[in-house]
Amino acid sequence: MDPTSDINLNNNISIKVPTELEPLLKCIKNYLPNESLDEVVKAFLFASRAHSKMKRLSGEPYIQHCLSVALILAELEVDIPTICAALLHDVVEDTGMTHEELERKFGSEVSILVEGVTKIGKQQFDTREEREVENMRKIILAMAQDIRVIIIKLADRLHNMRTLQYHSPEKQKRIATDTLDIYAPIAHRLGIGRIKWELEDLCLRFLKPDVYSQIHQMVAKKRREREEYIVQVIKVLSEKLAESKIKSRIEGRPKHFYSIYQKMLNQNRDIDEIYDLTAIRIITDSKRNCYEALGVVHTLYKPILGRFKDYIAMPKSNMYQSLHTTVWGVNNEPLEIQIRTDEMHLIAEEGIAAHWLYKEGIHLSKEQYDKRFGWLRQLIESQEETNDPKEFMRNLKIELFSDEVFVFTPKGSVKELPVGATPVDFAFAVHSEVGLRCTGAKVNGKLVPLRTALNTGDIVEIITNKSAKPSRDWLSYIKTSRARNKITHFLKQEEATELIKTGREEVARELKQIHIGIQEVSKPDGLVKIAIDLGFPGADELFIAVASGKVSAKNIVNRLFPSKDKIIKNENLLTSSTAPISHSQEGVIIQGVSDALVRFGRCCHPVPGDPIGGFITRGRGISIHKIGCQSIKPFLQDKSRIIKVTWDNTQEKYPVPIRIIAHDRPGLLRDVLDLIASFDINVYYAKAEQANKKANIHITIDIINNKQLDDLIKNLGNITGVIETVRINK
Ligand code: MN
């Protein structure tokens, strides 16, 4: 049995009090002077017996943890059952005590609270997300039952965070992460600033130890300097406030490390670039005096524009009220000042705990309570519809973290959206198909423009049409990244479809000049092969490149029908039969024709040296075939359509191997091949290797003469990255 004493606590206790319980009892007596503390002593004795064989990792008796949790709560001035439940919060989980037993000994109120805390539990999950979701669900359900459960849990977590150094570094990180993800936001949401800040600072200490110690050192270093500064400001301010007959007290408050850290992150600054490590708080007696005090502050120091916030007229959703302003203080350094009443101060520190129903003075009516914590109820209700814990988590997280609106589908399921979100955001939140086919929206039964900002509680109905599609100007007002991604993806796709169509048409037009239909080359060895040779994944991408001017359609056609097979267009077909013999670029001489449009028969593939003849087609130029080609036999009756053709030996081409050495980069080979194609030179063979970040490209090309080769080599040297181009002499 624990050592006991019989200190007289003003007759609040009729049984002997163990010494270690005294601080707790004294603290409770301060705010509940007339209540019996017998139950607290009973709970303590019961818990210390139950945990008597257990020690904390720190080596302390386990009951010390229970006492510390109860003391944190007593500082929030909670009621007696909450204190008892805090003392008993681990007995069911750790000692195998049953709820029935607890209920028999301490009544149902205490046992329900303990049960709630136990349910939130400590079980392990495989992934962080799972753990988070499950914990959060339990917390929310417990909160819905009795908000005191979550306040006990917060105090429990706070003490565990205060003693986290006894855990392994891994566990420290895990627990701190959980705390930052779940518990600190809950504390914030419930307005319990005191717990929120301490949790966040502790999380920073374990998650970013180097940053934490950096801030710690800087704050310590500047302490004296800051203190002098603050004393000076307080002196000036209190004189002026007194002159204006404003009753007030002024505090210099060191900023929380976590908020300094956030400032460093947000402003991308180093700790030594953050000047305002301290802020000033003016606490006065009435709302009216808050505004009066603000006037005094702004007369004394020049306010920084855009930094004034009136949370008195517009309280935060967690009930927080204050005036915030930042002024150019002494030495022209920015100085943050908060102005609030005593009551507002209490709420800022204790949040919902300050609204203790048992507490005198401040009372929340049912409507007020609903207004403040209605989100919680809505969440619970929505939870009944969705069985997806992740969905639930998303809903909750948004609610806890930031300024979001909460809107409903006509069937009552909830969608969370950022403030300013529109029906378009909502439509995409429901389903991407709904978003993509959205044409209009009804909010609370009324038709509204799609750019209308939604409010919490709105019931939104989206009107869709199967043939509708997203409009580009939606991008100017939507707020969610989900909608943005889906819309831009759609628009890009639509644009791509358009480009493919255009590119395909261009290539088809170019092919038409040589009387070939695009379907003839839409085989794997046709356009697809060219696309891959040029470094595109497929024909569609090649068409896009054509449409956007990166590759010319002519280049593609030249690649499809290179060398001897190539046909050049010419509008002036078959001029006169007496015209001088001319050389065509295709390496054939056509009697009496200058620059005719010619094509080589795909049936017989004539090559230089073959005996050939020309056949004048109707509107498709001259078709050249081997003498004796079967496919033109039926047309040979019409002698007027036969024309004499010979090979032009003056333009013989020679295969020349060259080697290009270049700094490797994406698209290098393509640029080289494009350049060669622009010279109308055929490539027989191309191979690129990479070694030591350098590309070694071997290419064999068809060359007419030395001048052409020199020109080409000179131009290849202009391609970015090319170091050297040499002709390989075999
Ligand atoms: Mn505990």
Checked pairs for the stretch 68-94, first among the charged types (D, E, K, R), second within 14 Å of the ligand (Cβ to nearest atom), C-beta under 6 Å and 6 or more apart or across chains, list as E93/T118
Across the stretch 141-184, the tally of residues that are touching a residue at least 60 places away in the same chain (Cβ under 8 Å), open to solvent by 10 Å² or more (accessible area, probe 1.4 Å) and away from the ligand (no atom under 16 Å from the Cβ) stands at 3
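Among the residues of the stretch 628-650, is there at least one that is in a loop (DSSP other than H, G, I, E, B) and modelled with pLDDT of 80 or more?
First, pick out the residues of the stretch 628-650 that are in a loop (DSSP other than H, G, I, E, B): 628-629, 636-638, 648.
Add one more test, that the residue is modelled with pLDDT of 80 or more, and what stays is none.
No, the conditions are met nowhere in the stretch 628-650.
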Counting only residues that are away from the ligand (no atom under 16 Å from the Cβ) and under 21 Å from Q64 (Cα atoms), the stretch 185-209 contains a total of 1
I556 vs (1) closer than 26 Å to L669 by Cβ; (2) touching a Phe, Trp or Tyr at 6+ places or on another chain (Cβ under 9 Å); (3) among the β-branched types (V, I, T): all pass except (2)
Over the stretch 74-104, the set of residues within 40 Å of the chain's Cα centre (by Cα) and either within 12 Å of the ligand (Cβ to nearest atom) or open to solvent by 20 Å² or more (accessible area, probe 1.4 Å) (or both) is E75, A86, H89, D90, E93
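Being acidic (D, E) and modelled with pLDDT of 90 or more is the filter here; which residues of the stretch 171-201 pass it? Talk me through it step by step, then tell me what you get.
Keep residues of the stretch 171-201 that are acidic (D, E), which gives 178, 181, 198, 200-201.
Result: E198, E200, D201.
Answer yes if at least one residue in the stretch 53-63 is within 15 Å of the ligand (Cβ to nearest atom) and open to solvent by less than 10 Å² (accessible area, probe 1.4 Å), and no otherwise. Steps first, answer last, please.
Going residue by residue through the stretch 53-63, those that are within 15 Å of the ligand (Cβ to nearest atom) are 54-58, 60-63.
After this cut, where a residue has to be open to solvent by less than 10 Å² (accessible area, probe 1.4 Å) as well, the list is none.
Taking every residue of the stretch 53-63 in turn, none turns out to be within 15 Å of the ligand (Cβ to nearest atom) and open to solvent by less than 10 Å² (accessible area, probe 1.4 Å).
In the stretch 418-433, what count of residues is obtained for those that are open to solvent by 40 Å² or more (accessible area, probe 1.4 Å) and of a type in the set (A, V, I, L, M)? Talk me through it step by step, then tell me what you get.
To start, the set of residues in the stretch 418-433 that are open to solvent by 40 Å² or more (accessible area, probe 1.4 Å) comprises 419, 430-431, 433.
With the extra rule that they be of a type in the set (A, V, I, L, M), the set shrinks to 419, 430.
Result for the stretch 418-433: 2.
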For the stretch 310-327, pairs from a residue that is closer than 21 Å to V297 by Cα and part of a loop (DSSP other than H, G, I, E, B) to a residue that is modelled with pLDDT under 80 and not small (G, A, S), with Cβ under 8 Å and 6 or more apart or across chains, are Q321/P315
Reported set for the stretch 286-306 where residues are closer than 19 Å to V233 by Cα and not in a helix (DSSP H, G or I) is Y301, K302, P303, I304
- Message: I'd like to check something: does the stretch 463-483 contain any residue that is more than 23 Å from L668 (Cβ to Cβ), of a type in the set (F, W, Y), surrounded by 15 or more Cβ atoms within 10 Å (Cβ to Cβ) and touching a residue at least 12 places away in the same chain (Cβ under 8 Å)?
- Response: yes
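Within the group I246, I250, which residue is assigned to a loop (DSSP other than H, G, I, E, B), in contact with a strand residue (DSSP E or B) (Cβ under 8 Å, 6 or more places away or on another chain) and surrounded by 17 or more Cβ atoms within 10 Å (Cβ to Cβ)? Let's see the steps before the verdict.
Numbers: I250 fails: assigned to a loop (DSSP other than H, G, I, E, B).
It is I246.
With respect to L475, is the statement that it is touching a Phe, Trp or Tyr at 6+ places or on another chain (Cβ under 9 Å) and under 30 Å from L542 (Cα atoms) true? So that I can check it myself, show each step before the final result.
Details: touching a Phe, Trp or Tyr at 6+ places or on another chain (Cβ under 9 Å): no; under 30 Å from L542 (Cα atoms): yes.
Here the answer is no, as L475 does not meet what is asked.
The values are calculated or read from the model by the stated rules, or taken from the named source; none is laboratory data. Since this is a predicted model, take the numbers as computed values, not measurements. So basically every Cβ, Gly included, is an ideal-geometry build from the backbone, and we count neighbours across all protein chains shown. To get the accessible areas, we keep the full protein, side chains included, count just its heavy atoms, and leave off ligands, DNA and RNA. Shrake-Rupley method; radii C 1.70, N 1.55, O 1.52, S 1.80 Å.
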